[in-house]
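Participant: This is the structure, below, for whatever I ask next.
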Amino acid sequence: MIQTYLETQCHVISLLGYKPNENGIALYTQHLTEALKSSAPEVQEKLRVAGRDTYRMVLSGAFDIPNLIEEQEKNGEMSVVDARNIMHKVSLRMQDPEVLEKVAKRCASTMQAMNDSVEAKQIEVAAKHTAVQQIMVTDVYLKEDGDGVSLVKECGFGDGEEGYVKMQSVLAEHQGDPLINQNVGSAMMKLLQSAGIDMGELQKQAQQAQSA
């Protein structure tokens, strides 16, 4: 689903003059953020809601849950306080030593770059990102504790994949909350470090690509 979502973004931003890759998305996002700072509040809110609803539409279609958006409208939006509490639990689970160790072991066994070419390194990093994403879903959100309760179920969204999708749909309302992004961002950095991904080097490469 995320691959399709990103490919669509790449297609659209290329029509606006940006490179159709992750560096182009990053640069477009940066420019959009800067432009929004001087925009009227109603414009900012309109774009926020459009982004939220687009994400929910993609979730609904990708996982064949046609009533996802209607159900969300019926139940109303989750408060930011509840969303922060849920994502605090998620960030704690992300930093669990067992999760970090599993990420390290899984990424150590992924394909290593056979040479120092940029393409080989990109393939290696992509494989590690995929491993991190898989463990995020299986071991952070869906893994059951001793009582047979997963984090998704504990937070009231039900079991399995459908519960996970519903949780993501509800949290989309607050995807731009600074406190949530800070907590999850810090936890994600630890996961990426365990994966052996050098974020400083990736940022350097992105800056070089943007200035090229």
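Bear in mind that the values in this text are calculations on the coordinates, not laboratory data. Just so it is clear, the structure is predicted and the values come from calculations on it, not from any experiment. Positions of Cβ are generated from backbone atoms using ideal geometry, with glycine treated the same way; all protein chains shown enter the neighbour counts.
Participant: Peptides 27-39, 9-21: what's the order by average Cβ count within 10 Å, highest mean first? Provide the component values of the computation, followed by the final result.
Facilitator: On the way: 27-39: 11.9, 9-21: 14.2.
Per-residue Cβ counts within 10 Å, averaged per peptide and sorted highest first, yield 9-21, 27-39.
Participant: Lys and Arg at +1, Asp and Glu at -1: add these up for the other residues within a Cβ distance under 13 Å of Gln44 and post the number. Could the numbers behind the result be given before it?
Facilitator: Working: positive: Lys37, Lys46, Arg48, Arg52; negative: Glu34, Glu42, Glu45.
That sum, taken over residues with Cβ under 13 Å, equals +1.
Participant: Before anything else, pin down the relative contact order of region 1-78: Cα pairs under 8 Å, at least 6 apart, normalised by residue count, whole percent. Mind dumping the intermediate values first?
Facilitator: On the way: 32 pairs, mean separation 15.7, N = 78.
Relative contact order, region 1-78: 20 percent.
Participant: Given a cut-off of 29 Å, name the pairs among Lys153/Lys190; Lys89/Lys121; Lys19/Lys46; Lys46/Lys153 whose C-alpha atoms lie farther apart than that in the structure shown.
Facilitator: Over 29 Å Cα-Cα: Lys89/Lys121; Lys46/Lys153.
Participant: Moving on to the next point. On average, how much area does the Cα convex hull of region 69-110 cover when viewed from any direction, in nm²?
Facilitator: Values: hull surface 18.5 nm².
Result: a mean projected hull area of 4.6 nm².
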